[in-house]
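The values are calculated or read from the model by the stated rules, or taken from the named source; none is laboratory data. Bear in mind that the values here come from a model prediction, so they are computed numbers and not experimental data. Note: ideal-geometry Cβ built from the backbone for every residue, glycine included; neighbour counts use all protein chains shown. In case anyone asks, the SASA skips ligands and DNA or RNA and just uses the protein heavy atoms, side chains included. Shrake-Rupley method; radii C 1.70, N 1.55, O 1.52, S 1.80 Å.
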Amino acid sequence: MITILGMPKIILLVAGLFWPGQAAAQSIGAGTVKGTVRDGANAPIPSADLDLWNSITGYSIRTRTGPDGSFLINNIPPNKYELRATFAGFQPYRTEVTIRTAVPFTLTIQLELAGQRESVTVEGSPETILETKTSPSDIVGRQLLSALPALSPDSGLNDALILTTPGVAADSNGFFHPLGDHAQVSYVLDGQPISDQRNKVFSTSIPANAIQSMEVVSGSPAAEYGDKTSLIVNATTRSGLGQKPTGSLMAGYGSFGTAGEEATLAFGSARWGNFLAANSERTGRFLDTPEFAPMHDAGNTGTIFDHIDLQPNGKDAFHLNVMAARNWLQIPNTYVQPNQDQRQKVLSFNIAPGYQRTIDSHTLITVNAYVRRDQVDYYPSRDPFDDSPATLAQSRSLMNFGVHSDVSRVDGRHNWKIGFNAMQTRLDEQFSLGITDPTHNAPCLDASTQAPVPGFGSVAQCDTPGLKPNPDFLEGLLLYDLTRGGRPYQFAGRAKINQLAVFGQDSITLGGLTLSLGFRFDDYRGLTAGAGLQPRGAFSYLIKPTKTVIRGGFSHTVETPVNENLVVSSSTGSGGLASNLFKGNAEQQPIALGSRNQYDAGIQQSLGKWALVDVSYFRKYTRNAFDFDTLFSTPITFPIGWKQSKLDGVSARISSIDVHGLRVYATMGHANARFFGPENGGVIFNSNLSVGAYRQDHDQVYQQNVNVHYQPKKDGWWGDFTWRYDSGLVVGAVNNLDDALGLTADQQAMIGFYCGADRASLNNRITNCDSPRYGAARINILPAGAENADHNPPRTKSRHIFSVGVGTDNLFHAERIRTIVRFTVLNLSNQAALYNFLSPFGGTHWVQPRSFQAQLGWAF
């Protein structure tokens, strides 16, 4: 058994060594281009303009040479770029720059006097806009992030991922399903790996306005990535290195009484820099609600993020990221919970120092340390019986310590990296539950209306005319049913999880062929233990005559369980507490490690010089696949494991270059998410899917995003249009007409249930239906006998969500203090739609109704 002894002391020591200063020629993990600009006599040219941009992603950055003609462009996400150098009286210079590693890209640019040649000199001009990466990835820059609509409070980064990444199905509260999975996302923030969920429900989110750019990898993961590998978000934060004081102050107001403020400040010199972001927001619709109209859904969030850089010389670079955040929120009520007052508070902090040493022009050493903590407290109503159907309380914390280090080297055709990651996660969980609704988990039903009948304590008492036994009754819950003389269930547990990983990888370029080969070894010691060697391999091949890139890959990965509520969920066994612990014979079956084989294939095609089409196919086989069990209509969820899953699908992206300020992209995706029982863990997991295949609510036939952005003048007005289409996630709660008739009046009204001319409402529960014309406005109810959990599951209805925005970043065309104005309309057509309904994995949530957002601010 491998243990990580004294890890917190080691990390505090490393952090102490890095604290006195920190900055790098770049943020660790991003690319750097540096060099000098000279004239024909080899004399340096000061104040020459340099522009780096990618015509497909729209990512661009501008700088100027110093007095000695030198320049430095940092924080560059991996991609292919064009670099242009200009100076009055000289011919423009253009060249192609490909960023694949953190090792600095160095070049010397020599400008020729204008008029010496009849035509403009173009050196190394890109022949194609194709990318030869072995795994599909997308680059999202700050320009695009600032224009995209924010669909959910404190979820700007996740919303951007939903709107820009192919194969991602949108879920409620800023969640998403990447390529058929849920929560299998790893974030790398300036070199710091974060595999826990970054969402307002579980933690606090990374502030979007602190991000300079992010690379989103959705294919075969390189060996340096582990834990959660369905989607890799490699984010680089903004820096003040080499900047004169710049900043912004924005204030906004919108629907549901939403008010927010954003402030940024960046300043520094050639050797040091600091970037600071401070955000706050208050709203009457913090979470996606179980009713169309939000009730008891106020919340607020506040975040402070600081990035410090220090470059004492040309070899050493330090950085420090510090973030503190707080979320406070009410838990939304339904119409049958008029007095419920459940709330949640989340406190988070993150401290991450980093160091980078340039050994020579080919070799780079990187070390990152980090300590991160999330504290989540869930509060019940003062009167337990105001809570329905249960009164709940929770206090849990997650503390994460780690060190990540690697060595990168560019050596001829090879671009290799070796490294390790050592991490300890400490979990502390307290949880209580008591049933307060006498009709919840009632042993007996009314034989005619199917409605629960209170006042009975066992199925044996249902042998009475007009009653019948409840087939979904969970006998184990009686002990903790406060309406039947029970007492609250109490749980307290702690755990330490030690992880160690080593990896090595190499990217080899052989003409038009690029090979990525690597291995990774993980050792995991927590509530369960395991280790595994993971081979990874991928290739891409450029067919120049047709301007086509083909690629393929295989990866074997060890997937680790999610940490949130892992201790309590690992103590329950198959079926959760209701099937085991409540009966006194709990199976101690921790949520086990997952083992996955993933296959990827793809093709990329340029359409002349105007557009790029990228299509990918994935197939993933996983043993011990993961998901969540949602507790009633709350945001409290518990991890569960399934025997296996089989996921496959297709994703695609079409991107145009910037044509006179017009840029268009579209993403598409299709995912089959088939899971196989038995299930393990959870709290009250009442699904009867113990064996066989079924479609998880990650499964969606088709989703699509279209974004059109138009800005004819760089400092002028811009317009942005987003169209999001979702064909609908799987709904397992209503498989047929009988299931719909068994719903409460409120639940029938939620789905828009009707039978002939009779429509359900809060005051009209439909108890029988003889008409062949029945259905629901917001979910598909299948005909009797047509339902099939694997091949024909019911789904929510499809939806089209349109959002539009207009704005300008310089209203009065000022040079020093710019006035910023933005106005956005979300869900323009006011589409009333459900993300999910009574899902054991997600509960019930509505898509946000039409809402307005207005912002006014200043930047200097």
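A straight Cα-to-Cα reach below 13 Å connects residue 228 with the aspartates and glutamates 181, 196, 522, 559, 627, residues fewer than 8 places away in its own chain not being considered. With a cut-off of 13 Å between beta carbons, the residues surrounding residue 716 carry a summed charge of +1, where Lys and Arg count +1 and Asp and Glu -1. Measuring nothing but alpha carbons in the range 55-95 and taking Rh as the Kirkwood radius, the Rg to Rh ratio lands at 0.98. Computed over the Cα atoms of the range 298-370, pair by distinct pair, the Kirkwood hydrodynamic radius stands at 15.8 angstrom. In the assembled protein chains, residue 725 presents an accessible area of approximately 50 Å² (probe radius 1.4 Å).
Modelled spin labels at residue 823 and residue 292, positioned 7 Å past Cα toward Cβ, are 2.7 nm from each other.
Under 5 Å from the amide H of residue 59 lie the amide H atoms of 54, each residue being 5 or more positions distant or on a separate chain, with H modelled from the backbone and absent for Pro and chain starts. Pairs of C-alpha atoms in the range 254-323 farther apart than 18 Å represent 56 percent of all such pairs.
Rg and Dmax over the alpha-carbon atoms of the chain stand at 28.0, 105 Å.
Take residue 717: with every protein chain present and a 1.4 Å probe, its accessible area is about 140 Å². One Cα centroid belongs to the range 192-260, the other to the range 752-830; the line between them spans 28 Å. Mean silhouette area of the range 231-380, derived from the convex hull of its C-alpha atoms and averaged over all directions, reads 11.8 nm². Would you tally the net charge around residue 779, using a Cβ to Cβ cut-off of less than 9 Å, leaving residue 779 out, and scoring K and R as +1, D and E as -1? That sum, taken over residues with Cβ under 9 Å, equals +3. Excluding residue 258 itself, what net charge comes from residues whose Cβ is under 10 Å from its Cβ, given Lys and Arg +1 and Asp and Glu -1? Net of charged neighbours comes to +1. Expressed as a whole percent, the accessible area of the chain that falls on carbon and sulfur atoms is 57 (1.4 Å probe).
Computed over the range 524-572, relative contact order equals 33 percent, with contacts defined as Cα pairs under 8 Å that lie 6+ residues apart. Legend: residues 791, 296, 182, sorted from most to least accessible area (1.4 Å probe; ligands, DNA and RNA excluded), read 791, 296, 182.
Shown here for the range 799-842: chymotrypsin sites (Phe, Trp or Tyr not before Pro) in loop regions (DSSP other than H, G, I, E, B) with at most 12 other Cβ atoms within 10 Å, namely 812. Which FRET efficiency value, to the nearest 0.05, is calculated for residue 723 and residue 605 with the Förster distance at 30 angstrom and r the Cβ-Cβ distance? After rounding to 0.05, the efficiency reads 0.80. The angle between the Cα long axis of helix 7-18 and the longest principal axis of the Cα atoms of the chain comes to about 30 degrees, rounded to the nearest 10. With 22 Å as the limit, the listed pairs 133/315; 133/547; 547/609; 133/417 have 133/315 beyond it between alpha carbons.
The mean sequence distance of close C-alpha pairs (under 8 Å, at least 6 residues apart), as a share of the length of the range 327-421, puts its relative contact order at 26 percent. In terms of packing, defined here as the mean over residues of other Cβ atoms within 10 angstrom, the peptides 533-539, 79-85 line up highest first as 79-85, 533-539.
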